[in-house]
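S.K.: Would you mind keeping the following structure in view while I ask a few things?
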Amino acid sequence: MSRPDAPPPPPLSPSDLALLETFRQRYAFPLDPFQEEALRAILAGESVLVSAPTGAGKTLIAEFAIYRALAERRRVVYTTPLKALSNQKFADFVRQYGEESVGILTGDVKVNPRAPVLVMTTEILRNLLFTEKPRDIATAVLDECHYLGDEGRGTVWEEIVINCPPEVRLVALSATVSNLHEIARWIGETHRPIRPIVHPVRPVPLQFLLCHLDGEIGTLEAPRRPVRPDARDRWSDARPGGRGRRGPPAGRFRRTPPPPTLVVPQLAARRWLPAIYFIFSRAGCERALRRFLDGGGSLLERERRPEVEEGIANTLRDYPSIVPETEVNALLLEGLGRGAGLHHAGVLPALKRLTELLFERGLVKVVFATETMSLGIHMPARSVVIQGVRKRSEAGFRRLSLNELTQMAGRAGRRGIDPEGKCLIALDSPEAEEEVRQLLAGTPEPIVSRFRVSYSSAALLVDLYREPAEVRRLIESSFGQFQNRAQMVRLEAERSALLETLEAAEGFASPCCTLRDLLAYRERRAALEAERLRIQQQGLGKRRGGRRKGGAEAPQGWAYTESLHEARRRVEAMALALSEQSCHRCPHRAMQEQKLKRSTRIRQTVEACGERLRLLKDSYWEQCVRVVAVLERFGYLQGAALSPEGRLIASLRHDNELLVARVAFSGLLEGLSPPETAALLSCLVEEPRETENPYARQLLKRQAHLKRRLQALESLADEVRRVQQQERIDRPVAMHTTYLAATYQWVAGEEDWVRLIERGFGGHEGDLIRAFRRLLDLCRQLQESPELPEALRATIAAAVAGLDRGIVLESALI
């Protein structure tokens, strides 16, 4: 529930009570107290931030926000961080409220954009708030808002809260997190007061169980199994890249959990189906389903097989471009016929949706899935199996976080059906039992801000607000700076304690000032010296690196003006303040500083605290100044005015917006055909799992002029990396040829999808569909930009027409 000291929602009017009662009657069960509190707060005009476990009924609160907005003839926006989840919500709301009342905006889809209920991805809402400041929206629902801590998506959430008009009420829904009240305080400080409501109780109790290497299922309360010394040696080399104590080659012994063919029959025997079986690799999911089928397994009742066959037939009829005979499709369809499914990002969207529908109807009893299935999609099960507690990351293998484990385990236990959900953790090594116990004994990790200033955000802010002080105010409204300020309070307390220790240890007694005065003076003097050095370096850097296209020197722009002119006045003020301190002219200062230097360890710790405080205070602003400096280096920002390239950057939703602008205005795309244009732009879509593709090399051998354009693109990417490095900006500049051949062939008119996969891509169909949809999003943004030449926009429009057809078009709203 909300905090004990939170005031109850104010009394409701008779009309509000009548609306609430009418809404209650839509459900066959009584509302939980946390739902009642949230609904009454919404009726009273409050914003709410609700944290509850998966399946607890948070969506009902969002549905009431929609119900109320429609009753008042107001508009409501429903946002999710995932396009697939936005599509699912769109379909759900169309069924509830009718096609005329619901619209959707994602990067590549626009349907009924003036509808009173508008579903969109968070990126779309972020751009609307930056550029249009819509005034006709009563409520914005922020679903899955624990994504605030996601490295790739978190910044967008923060920018929404910062830029959302205060008259727009927020209904934010989150999985269980440990610092919800901290987030609520930040939203209250940045946007408007928001009522935090925490409901920690699962609607269905959950039991965690261990599935040992031999397949035996045991409780956590059971005695720990001893780990034999030889077993430790055998498994010590489980992680790739290391060597065990006995020194066998890396990878000789693998962490191997009990196979699903051993686990699934036990689930069936204990009546714990349906189950979601989480495996942390696509190949592992496919291997598990293949082994299940090879073993002759079948979980589907004979009398229900016609229902599955009908569902498959309907899907193949509605999506005629699906080829059932491809390897993964054939595997999946065979599995569905025996009550087993497959669900990962490489599966075609239509077949993933079919799997979800059959699972909901009880026709699929087990789904082998990667963890993406735990994110947002409504698929409750009686039990969940998690194959191991380690997953691959960019830095190698790591242990799951408790939040990740909880998200997956939360699928177990269907409300109103199961008395208890079961979560089995399949151990993959003798040591894993202790790892699991440690993990489950922990506490949920707090959400930590992932805020960063992008080129798009910086360009928009400078263009909209002009004055550096106003831009800084907005950037420092972020959750990241809010958390920095909390750290600063703790550091100040730590620093005070250290000062007391230092005074006591040295018997520091000054004839004129305290130790704190002397340290404050030293810190101010160091800050003044650092500021003078920064101005000198930036002035030299501007003269050395400030050349624009064609060799002309860039004018002194926004960041330069701020740094040199405003900062010069700041230096003068700092110098004046320093001279007015009593320590400045004190005849005892040199002696006291010498005494201070003798207390090396404590003094260094105190000074390190001071430096850390300075970094926390200025980190986001300095990041912004560096990003703006890059825009100035390329001539995209002149004073406080954006060039055409800068305006394009400001309008883009893309991880590589700076490189996209460099490519679009470089002349690199001029004179190309639509297939060639699309092929080059495909090199800029989100970096895939594999970045090497032999089909691209084959195409480039035949298309020498396209190879030359690709080399020019690589040079532009290298230039961006070099400038970023000079300005101390750590941003990936992704460029690859994974989709180049397939894109060229598809836009050129290839009709045989299977041949395209086999001779142009070589990977999962779902990956290529997703890449094409993202490429469509980028192309449409460029096509709609008034900054680009008309001829180029026409070529891109033709590329869009060539891309958005057949199975790619069929997948748009799945």
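The values are calculated or read from the model by the stated rules, or taken from the named source; none is laboratory data. Note that the structure is a prediction, hence the values are computed from the model and not measured. Please note: Cβ atoms are built from the backbone with ideal geometry, for glycine as well, and neighbour counts cover all protein chains shown. Please note that ligands, DNA and RNA were not included when accessible areas were found on the heavy atoms of the full protein model with its side chains. Shrake-Rupley method; radii C 1.70, N 1.55, O 1.52, S 1.80 Å.
S.K.: Where does helix 479-506 land angle-wise versus the long Cα axis of the chain, in degrees 0 to 90, nearest 10?
M.R.: Once rounded, the angle reads 50 degrees.
S.K.: If you don't mind, another one. Hey, got the dipole for the chain? About the Cα centre, +1 on K and R Cβ, -1 on D and E Cβ, debye to the nearest 20? Can you show the working numbers first?
M.R.: On the way: 118 positive and 105 negative charges, 404 e Å.
Taking the Cα centre of the chain as origin, the dipole is about 1940 debye.
S.K.: How many angstrom lie between the C-alpha centres of the stretch 1-58 and the stretch 383-404?
M.R.: 35
S.K.: May I ask which residue of Ser785, Val630, Ala458 lies farthest towards the positive end of the charge dipole of the chain, with charges of +1 (Lys, Arg) and -1 (Asp, Glu) on Cβ and the Cα centre as origin?
M.R.: Result: Val630, furthest along the dipole toward the positive end.
S.K.: Could you work out the relative contact order of the chain, using alpha carbon pairs under 8 angstrom and six or more residues apart, expressed as a whole percent?
M.R.: Value for the chain: 12 percent.
S.K.: Placing +1 at every Lys and Arg Cβ and -1 at every Asp and Glu Cβ, with all other atoms neutral, what dipole size does the stretch 1-120 have around its Cα centre, in debye to the nearest 20?
M.R.: Computed charge dipole of the stretch 1-120: roughly 340 debye.
S.K.: While we're on this one: Ranked by accessible surface with a 1.4 Å probe, highest first, in what order do Arg74, Arg68, Arg525 come? Present the calculation step by step, with values, prior to reporting the outcome.
M.R.: Values: Arg74 95, Arg68 25, Arg525 65 Å².
Listed by decreasing accessible area, they come as Arg74, Arg525, Arg68.
S.K.: Give the angle, between 0 and 90 degrees and rounded to the nearest 10, that separates the Cα long axis of helix 704-726 from the longest principal axis of the Cα atoms of the chain.
M.R.: Between the helix axis and the principal axis of the chain, the angle is about 40 degrees.
S.K.: In what sequence, largest accessible area first, do Lys352, Lys89 appear using a 1.4 Å probe?
M.R.: Lys352, Lys89
S.K.: Using alpha-carbon pairs under 8 Å, 6+ residues apart, how would you state the relative contact order of the stretch 389-479 in percent?
M.R.: Result for the stretch 389-479 is 23 percent.
S.K.: Net charge near Pro193: determine it from the other residues with C-beta under 12 Å of the C-beta of Pro193, scoring Lys and Arg +1 and Asp and Glu -1.
M.R.: On the way: positive: Arg169, Arg185, Arg192, Arg195; negative: Glu46, Glu189.
Residues near Pro193 contribute +2 overall.
S.K.: With the alpha-carbon atoms as the only input, what is the per residue convex hull volume for the chain in Å³?
M.R.: Measuring per residue, one finds 211 Å³ for the Cα hull of the chain.
S.K.: Here is a further query. Helix 282-294 sits at what angle to the longest principal axis of the chain, using alpha carbons and giving 0 to 90 degrees rounded to 10?
M.R.: 20
S.K.: Ignoring any ligand, DNA or RNA, what whole percent of the accessible area of the chain comes from carbon and sulfur when the probe is 1.4 angstrom?
M.R.: Using a 1.4 Å probe with all protein chains present, the chain comes out at 51 percent carbon and sulfur.
S.K.: If you don't mind, another one. To the nearest 10 square angstrom, what accessible area does Phe665 show with a 1.4 Å probe?
M.R.: Estimated to the nearest 10 Å², Phe665 gives 60 Å².
S.K.: Using the heavy atoms of the protein chains alone and a 1.4 angstrom probe, what is the accessible area of the chain per residue in square angstrom?
M.R.: Numbers: 35960 Å² over 814 residues.
Per-residue value: 44 Å².
S.K.: Could you order Thr677, Thr59 by accessible surface area, starting with the largest, using a probe radius of 1.4 Å?
M.R.: Descending order: Thr59, Thr677.
S.K.: Which value, in Å² and to the nearest 10, is the accessible area of Leu402 when all protein chains are kept and the probe is 1.4 Å?
M.R.: About 20 Å², rounded to the nearest 10.
S.K.: Over 15 Å apart: what share of the alpha carbon pairs of the stretch 86-155 falls there, rounded to a whole percent?
M.R.: So the portion of pairs separated by more than 15 Å is 57 percent.
S.K.: On to the next question. Starting with the highest mean, order 733-745, 435-447 by the number of other Cβ atoms within 10 Å, averaged over the residues of each peptide.
M.R.: 733-745, 435-447
S.K.: Further, regarding this structure: Any idea which of Gln726, Ser101, Val663 is furthest toward the positive side of the dipole for the chain, if Lys and Arg beta-carbons carry +1 and Asp and Glu beta-carbons -1?
M.R.: Gln726
S.K.: In 10 Å bins starting at 0, how do the alpha-carbon pair distances of the stretch 610-722 split up by percent?
M.R.: So the P(r) values, bin by bin, are 12, 36, 29, 16, 6, 2, 0.
S.K.: Check the straight Cα-Cα distances from Lys365 and name the aspartates and glutamates below 18 Å, setting aside those fewer than 8 residues away within the same chain.
M.R.: Partners found: Glu286, Asp294, Glu301, Glu303, Glu307, Glu309, Glu310, Glu334, Glu356, Asp418, Glu420.
S.K.: Of the listed pairs Lys58/Lys617; Lys133/Lys352; Lys83/Lys391; Lys391/Lys701, which have alpha-carbon separations greater than 27 Å here?
M.R.: Check vs 27 Å cut-off fails for Lys58/Lys617; Lys133/Lys352; Lys391/Lys701.
S.K.: Right, next: Please calculate the 1.4 Å probe accessible area of Tyr147, with all protein chains present, and give it to the nearest 10 Å².
M.R.: Answer for Tyr147: close to 20 Å² accessible.
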